[in-house]
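Trainee: The structure is given below, and queries will be raised subsequently.
Nothing in this text is a laboratory measurement; each read-out follows from the coordinates by a stated rule. The structure displayed is predicted, hence computed values, not measured ones. Glycine also receives a Cβ, built like all others from the backbone with ideal geometry; neighbour counts cover every protein chain displayed.
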Amino acid sequence: MFPQMKFRVSGLDAKAKYILLLDIVAADDYRYKFHNSRWMIAGKADPEMPKRMYIHPDSPTTGEQWMQKVVSFHKLKLTNNISDKHGFTILNSMHKYQPRFHLVRANDIIKLPYSTFRTYVFKETEFIAVTAYQNEKITQLKIDNNPFAKGFRDTGAGKREKNCYRQALLSNRGSDSDKLNPTHVSSSRAPLHLGHTGRPPHHLHSHPSMHDNQ
């Protein structure tokens, strides 16, 4: 998922153990399209995908350890494949979503169903899921912040490679055959309508929706 979800926690019992989780829920009942450099409502939302709760892999860990570091959910992966068997979070493309951060005081994951959840929602993390970036500014943002792209951010041959990379990202808009690329921060499996064709998988990205021109 790009950008990554990162949190700092405080006020925990240093000796107690906690489990941290993240899930992503629909923010409204609409489907969107990117038109004239802005997001617009395109109709009623598709049926909601099965919900999955992502457990941070360091869970359970003591409050002291959680508070000493930035908690990153960079391993969370998104997909629009309803048949996914890899534990990815399943979303509908071109729909708006709201991540939710959950904090549970528990020393064992099997106790989660019987535990009390504290849930935190940050509206600035709301996004629209897409299989290809709709705005070239977002494409450029990804190039500038992707650790795998550092080698071609400067001049000369780097500029040519950078332009090729940008064109590859932009060409995904009308393509059903883009390939998994190690330079992509987020990854997913193929959408359902390609599931039986043997064609390469799509990427499902988080596309910020806070500003109309994004």
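Trainee: Along Cα→Cβ, 7 Å out, is where each label goes; now give me the distance between the ones at residue 10 and residue 136 in nm to one decimal.
Mentor: Reported label-point gap for residue 10 and residue 136 is 4.3 nm.
Trainee: Around residue 63, with a cut-off of 10 angstrom between Cβ atoms, what is the net charge of the other residues, counting Lys and Arg +1 and Asp and Glu -1?
Mentor: +1
Trainee: May I pose another question? Work out the charge dipole of the range 1-103 with +1 on the Cβ of Lys and Arg and -1 on the Cβ of Asp and Glu about the Cα centre, then indicate which of 55, 65, 2 is farthest towards its positive end.
Mentor: The one lying farthest along the dipole's positive direction is 2.
Trainee: Gain in length, residue 74 to residue 144, computed as 0.36 nm per residue apart minus the alpha-carbon separation, to one decimal in nm?
Mentor: Going from the current span to full extension adds 23.4 nm.
Trainee: Lys and Arg at +1, Asp and Glu at -1: add these up for the other residues within a Cβ distance under 12 Å of residue 126 and post the number.
Mentor: Result for the local shell: +1.
Trainee: Right, something else. Which entries in the list 6/44; 33/123; 15/85 go over 29 Å, if you measure between the two C-alpha atoms of each?
Mentor: 6/44; 15/85
Trainee: For the residues 55, 110, 128, what sequence is obtained by ranking on other C-beta atoms within 10 Å, fewest first?
Mentor: 110, 55, 128
Trainee: Sorted by mean Cβ packing within 10 Å, highest first, what order do the peptides 56-65, 72-81 take?
Mentor: Highest mean packing first, the order is 72-81, 56-65.
Trainee: Based on the alpha-carbon gyration tensor of the range 73-147, what equivalent-ellipsoid semi-axes (square roots of 5 times the eigenvalues) come out, in whole Å, largest first?
Mentor: Semi-axes from the Cα gyration tensor: 29, 16, 13 Å.
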